[in-house]
Every structure is written in C-alpha cells, then in structure tokens.
1. By how many degrees, 0 to 90 and rounded to 10, does the Cα axis of helix 293-307 deviate from the longest principal axis of the chain?
2. Any idea what the dipole of the chain comes to, in debye rounded to 20, about its Cα centre with Lys/Arg Cβ at +1 and Asp/Glu Cβ at -1?
3. What FRET efficiency, computed as 1/(1 + (r/R0)^6) with R0 = 30 Å and r the Cβ-Cβ distance, is obtained for Leu206 and Glu420, rounded to the nearest 0.05?
4. Using a simple spin-label model with points 7 Å from Cα along the Cα→Cβ vector, what separation in nm is obtained for Arg407 and Phe45?
5. So what's the angle, to the nearest 10 degrees on a 0 to 90 scale, between helix 516-533 and the longest Cα principal axis of the chain?
6. Using Stokes-Einstein with the Kirkwood hydrodynamic radius over Cα pairs, what translational diffusion coefficient do you get for segment 420-550 at 4 °C and a viscosity of 1.567 mPa s, in µm²/s rounded to a whole number?
7. Using a Förster distance of 22 angstrom, determine the FRET efficiency expected from the C-beta separation of Lys506 and Val437, and round it to 0.05.
8. Given Gln63, Ala48, Ile282, which one lies farthest toward the positive end of the charge dipole of the chain, if we put +1 on the Cβ of every Lys and Arg and -1 on the Cβ of every Asp and Glu?
Amino acid sequence: MPDVITVRVQTDSDSVQDVVVKIQRPTYNKPFLGGFRNVSTEVEFHNAGSQTETKKRPDKGIQVFCKETQTVVEKNKQQQTRNTTSTQMTKIGLYVSNMTDKLITPGKYFTAEEYHKRRLEAVIVLQKYFRRWYAINLVQNLKEQKRLRLALEAQEELRKKKEKEDKLRREYEKKLNPKTKEDFELLFHDLELWMQEETERINRTLTGAERKAALCALLEEETQLIACIGMHKLHANVENQQKAVLHLLDKCAQPRRWKAYDGKITEMDTQKSLRGKELLEIYHSISTKDIPKDERTAVLLTLKRVVKEHECKLTQEIVALIDREVDLMSREVKECNLEGLRKRICTLFLQYIKIPEFNPGVAGLLKVPQDPLKLYKNFYFCHSCEKYLAPTEFLIPANSRTIGRCRSCYQLDNEARKREAYFKYRLILEDLRKSEVDYQDDSKIVFLVQLPDLQYLIENIWNCQSALSACSDLYDLVMVRWDKHHEWSPWNTILLTKEEADTHLKLCSLQKTYEAPFVYRIEQKHIRAKNYFAQIPVMSSFLHRTNNQANANSYK
C-alpha cells in the first residue's frame, strides 16, 4: 500500500469530495482484539483498532500519577460503640437539654504557602533550641575535660613532688643512718662538697696567718668527721655481717618449692632443710642475750649434743667452750664477763654450720668452692691489696686494658681522694639496662658500660641536663635510645626526663618531629661519644658494625 492515498467521500447527495489520507506504518504488531468466522465461506474477520493517534494531554509539570499512590495499603476497620446508644433530638412533646453541647465554629482559612511558612518557622525555632542545647552540652563536656585534665596534671605534679620528697627523705635517712656502701659513699661525697665550700670561703675571706690557722682547724674538723664516719662504718659492718649470716641460715632452712599446674605452691621439707632449721634455731638461741641461766644451760646442752655427732678438732673446741661457760655460770660469774666466751662459741658454731659435711644445705651457697682445684681458675690478683679474688670483685671500666684494682681498693681510693658518689649514676644505669632487656633484641653494649663510663657520658657530653628541658636533677633523668629501632649505644642515646623519654619513644619520625638545629646538636654529641669510645677495643668492633649498618641503610 502506498504512503498516501486519495479517498472520495460523498458530502451531499449530489456532491463528492476527494480527501488525501496519509498512511502511517505501525512500528509494532497490533494486538489481537478478537473477531469472527463466516461459517459458510470459512472467512475469518478480525476486529480492527483505531488507526489514528490519541490526543495527548498537555504536560502541566506536576506529577499526577505515582507508585506510592497506586500501591498504597488500605485498611478497613469497623468502629462500633461499646454500648448500644441512640441520638435523640428535641421535638414536639420532648425537651433535650443543650447545656453540654459544644459550639464549633470554623477557623481562619490559610493557604498552602502560609502553611509551609508556618512549618518553616517552627523548624527554625526547633533548630535554635536544639543548637542551644547542643552548644551547652559541648561547653559542659569541654569544661569537664578541662577539669579532669587539670586534676590529672595537679595529681601528677603532686605525685612528682611526693616522689622527689621521698627520694630526698630516703637520701637524708641514708646519710643519717648509713648502713651500706652507697650510704657511706654519699656521706663522703657531702663531706668533700663541704670541704670545698669551706676552703673556698676561707681563701676568699682570710689571708696570711689567719688563713693558715683556719685551714688547720678545718683539717682537724675533717679528721674528726672521718673518724666518726669510720665508727659508723664499723657498726654497720657488724650489723650487715649478722644480717648476712641470718640470711644464709634462712636459705639453708628453706624447703623445696614448686608450682603445680593449678598455680598452687607446694612445699616439701627435705633432710637438708630440716637440718638447716635445727641449726638455725640453735644459732638463734645461743646468740640471744639476757635469757635466764637455766634456759641458757639447756641451749648449751642441746648445742653440745648436736656437735658431738661429729668428732673433729672444731667440735672438740666447741664442747670445751660449752663446758667452760656452764662451769662459769655455776660459779655465779657476771654476764658481762662472759660476752667474749659467748661470741667465741657463736663464731665457732657458725664455722661449724658452714661446713657441708655437717650442714649439707650450705654446699651450694658458699662463695668459696670446696674443691681446691677450682681456686686456680677464674681468680685474679689485686696488686693494691695483694689478694686473689673472683672476677666479680673487680670493677673493670670499658676503657681498661688490664684487671687493675678490686672494688674495695677503688672504694678506699675514692673515699680518700675524689669522694665521688655514683648512686645517681647507678640508678640511671639500672633503669637503662632494664629498658634494654624489655626490647628483647639482644643488645650488648649497655652491659659493657660501667659506672665511670656512664659518668663521663653524662657529665662531659650531656652536661648533666636534659637535652630538651635542660633539667639538671639526676633523679628525674633517664637515658634512652635516640633511634628506637637500633640498640642502645653511647652514639645512639639521649638524656631526657622520664616524661620526655616516654613521649620520645612514641615518635615515628625524628626528622619530622624535631627541628634541624636540635637534630644537628644531638648528632654532634654522638660524634663526641664515638671519638671517646672508639679508643676502647671492645667498643670499636660495635662501632664498625654500627657504621656498616648506617651505610647500608643510606645505600637503600
């Protein structure tokens, strides 16, 4: 069929009009609308649809049809009053009161724009109140955080102050009642400081004969103070020796202990521990003073029975001394005259306890080996006191090439000449070694450094002050790694306070955190430490290894 056809249409009874019709080809298959079939001719006729397009409605820009409206869920709910009621109105012959009726009048009509405007104003009011409530809560939270922060800082400051006071109090108690070597070291150090101050004052204020007389008086006073310190030292040595003896006996009497799978501690007394307990009780009894004579006699007889189990020259001497004391007590001799005899019995009995044949539990606690052949190994000669001592009795600095003098000789020379106190440096070295052990990276250099080396490092290189805050209180200073990824060494360290050290070890990048001048100053101190410790043969090997690692890292 052509696209355009001409159709002749009869308009009136005698007039005809030709109409041009355009044929529009459908772009889709027309749907089947039904039809019928002629029975006689077997011809099928289909119902035809309209061939003209429907008239489209103009687009108003408003969405008329939507999915939400067409798919709305409707619910039908019946409402029925609880009781059957009826409504009665006023009529002829019946009056119904209207006192409880309500008169409803229509309100003012407002448009959609006014409605949305009112909604917007209400939203703004709600936002204002919400923002006010949020701001109040935010400010209160900030105030609470500030209060907690200030309280924490005050508590931390109070803790630091209390720790400092406790340290000063302990140091004062150590100086007032010295008992250990460190206590007497502090005393001699303070004596040296006092001597220097007095000497400087005398040289500054006096001249001629008056100056010489004042210096002589000062020397005499120093001599008296040294003698007084020596007397305290003798008493302290006696007390420490007695404590060491009791500690040794307590160790001999301790039972065997082990931990079970459930965490409980199991104890078992052995023959060695029972023998140690028996000897410990006897030693306590014979060393006790001011006890009645009958009790003292019973203790001596018990001691005599115990030592008679072994026949030797020592036990025979102890038995003879016991018989002598019993005889003297029977003659009513004063106790003050028996003190020397009783001390001699205690000393011989202690010697008896330290023999492994009589007390098997003491064999593993004695410093001197029982085998004489072992004395020829690992023992060195001190040229100062002329004694053969174990290696642990020698203080060997890192820059030393020979064994040198023992610890006692070093201490005696320090008390006589320099009178330096290593207590604070010892605390810093102990904290440093504990921190290095926690890294568990097999660090070795820190265990080669001795107290004189650490003193030189702190005083001459770091000037006894923190690199950041310049704090000079050695009780608050610690040495930590400069680069925490490498082991500690004199050329990989920094001296800081405890709080600064905790913050420093949390840093990821030193170059980004610290300024370039500060890093340069620290590197210069590391170079000075390298130059000093490079003279030590043991340290030089570690220094070369560190340089090789640094070159490898820079190459990468």
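1. 90 degrees
2. Numbers: 92 positive and 78 negative charges, 331 e Å.
With Lys and Arg at +1 and Asp and Glu at -1, about 1600 debye.
3. 0.60
4. 13.1 nm
5. Between helix and principal axis, roughly 30 degrees.
6. Details: Rh = 15.0 Å.
Translational diffusion coefficient: 86 µm²/s.
7. Working: r = 20 Å, r/R0 = 0.90.
That pair, Lys506 with Val437, gives E of 0.65.
8. Highest projection toward the positive end goes to Ala48.
The values are calculated or read from the model by the stated rules, or taken from the named source; none is laboratory data. Fair warning: this is a prediction, and the values are worked out from it, not measured in the lab. Glycine also receives a Cβ, built like all others from the backbone with ideal geometry; neighbour counts cover every protein chain displayed. Accessible surface areas use protein heavy atoms only, side chains included; no ligands, DNA or RNA. Shrake-Rupley method; radii C 1.70, N 1.55, O 1.52, S 1.80 Å.
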